[in-house]
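Below is one structure; the comments refer to it alone.
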Amino acid sequence: ALRALELDADRRLGLDDARALARKAGAWTVLTGRVQGTGDSLEVVAALYDVRSGRKLDEARRAAARAADPRPLFDALARDLLG
């Protein structure tokens, strides 16, 4: 899908690109996220968007110690967003 839309897989995709990819895949929603280090913490933020309108449907945040395994953060975010 990246090649079909002529998007560079090595660069960060913005919301418009993510929505275009989701449309190409036939999805109704798209998830974007970011991971950022702040001091001794690691914060992960995920946002769920409606593909057609671009409207944000939900957002979740989780943080842990920078040295901790980040995988539980992703599991927790999935539970937060999927209900």
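The values are calculated or read from the model by the stated rules, or taken from the named source; none is laboratory data. Owing to the predicted nature of the structure, the values given are computational and were not obtained by experimental measurement. Heads up, the Cβs are rebuilt from the backbone with ideal geometry, glycines too, and the neighbour counts pull from every protein chain shown. For the accessible areas, the whole protein counts, side chains as well, though only heavy atoms, and no ligand, DNA or RNA atoms are used. Shrake-Rupley method; radii C 1.70, N 1.55, O 1.52, S 1.80 Å.
A few remarks follow.
- Take the conditions (1) more than 17 Å from residue 83 (Cα to Cα); (2) touching a Ser or Thr at 6+ places or on another chain (Cβ under 8 Å); residue 34 misses just one of them, which is (2).
- Condition check for residue 40: open to solvent by 60 Å² or more (accessible area, probe 1.4 Å), at pLDDT 90 or above and among the acidic types (Asp, Glu): yes
- Every residue from segment 20-31 that is within 30 Å of residue 68 (Cα to Cα) and open to solvent by less than 40 Å² (accessible area, probe 1.4 Å): 30
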